[in-house]
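Heads up, the thing below is written out as structure tokens.
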């Protein structure tokens, strides 16, 4: 069986990010053949294509292009956006761009109601060589109910990683984890700054 490290990206290109959508090959060898035959000089335009059945392009519906969340903010909403830095489908750069637009629309106050937490090494929604197990729900509950904005979320590496049990702080964008001393396998040896 081939090692398909880009399987999610390849499958998404064919079925989610193309107009019209294509069937995703179920067999890993067929999917690999499809990925290897993908021609970025011609096929990539399907991401932005429309047709008689699909009036909107795939990109219009999956890209973060709605930075006006003032109504959400006005109702006391708090939002935590974790994003895998190794996501093969959606770039962390697009999420950061969205956050900057939200910040601009809120006159520099985005951090008071939305925080983006890049997760180093994490793929799309989880997995990868990452500390990808964390309690974002608990963090948002604390933010809403106890008025404690998350300045750090502790994450742990799962059993399938090269370092099971390792913990790391997830830091809200614009901050990053810096080693301050102690056991490098624990989140307490780092701080977000």
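The values are calculated or read from the model by the stated rules, or taken from the named source; none is laboratory data. Please read all numbers here as calculations on a predicted model, not as lab measurements. Note that we place each Cβ from the backbone using ideal geometry, even for glycine, and neighbour counts take in every protein chain shown.
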Does any residue in the range 143-154 that is touching a residue at least 40 places away in the same chain (Cβ under 8 Å) come within less than 9 Å, Cβ to Cβ, of a residue that is loosely packed, with under 11 Cβ neighbours inside 10 Å six or more places away or on a different chain, and which pairs are these? 144/76
Tally up the residues in the range 160-187 that are farther than 18 Å from residue 132 by Cβ and in a loop (DSSP other than H, G, I, E, B), please. 7
Evaluate the following for residue 25: is it surrounded by 15 or more Cβ atoms within 10 Å (Cβ to Cβ), out of contact with any strand residue (DSSP E or B) (no Cβ under 6 Å at 6 or more places or on another chain), modelled with pLDDT of 85 or more and outside any helix (DSSP H, G or I)? no
Just to be sure I understand, how many residues within the range 132-158 are within 17 Å of residue 86 (Cα to Cα) and loosely packed, with under 13 Cβ neighbours inside 10 Å? 0
The listed residue being without any contact (Cβ under 8 Å) to a residue 60 or more places away in the chain, surrounded by fewer than 20 Cβ atoms within 10 Å (Cβ to Cβ) and either under 20 Å from residue 99 (Cβ atoms) or touching a strand residue (DSSP E or B) at 6+ places or on another chain (Cβ under 7 Å) (or both), out of 167, 161: 167
Suppose the filter is surrounded by 13 or more Cβ atoms within 10 Å (Cβ to Cβ), touching a helix residue (DSSP H, G or I) at 6+ places or on another chain (Cβ under 6 Å) and more than 16 Å from residue 174 (Cα to Cα); does residue 58 pass it? yes
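Yes or no: residue 70 at pLDDT 85 or above, surrounded by 12 or more Cβ atoms within 10 Å (Cβ to Cβ) and farther than 25 Å from residue 135 by Cβ?
Yes.
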Would you point out the residue of the range 104-131, among those that are crowded, with 18+ Cβ neighbours inside 10 Å, over 11 Å from the mean Cα position of the chain (by Cα) and at pLDDT 95 or above, that is farthest from residue 159 (Cα to Cα)? 106
When only residues in the range 36-65 that are under 16 Å from the mean Cα position of the chain (by Cα) and outside any helix (DSSP H, G or I) count, which is farthest from residue 114 (Cα to Cα)? 63
Is it the case, given these coordinates, that residue 30 is exposed (fewer than 15 other Cβ atoms within 10 Å of the Cβ), outside the structural domain of residue 143 (by TED's automatic domain parsing) and assigned to a loop (DSSP other than H, G, I, E, B)? no
Can you find a residue that is modelled with pLDDT under 80 and under 30 Å from residue 151 (Cα atoms) anywhere in the range 47-62? yes
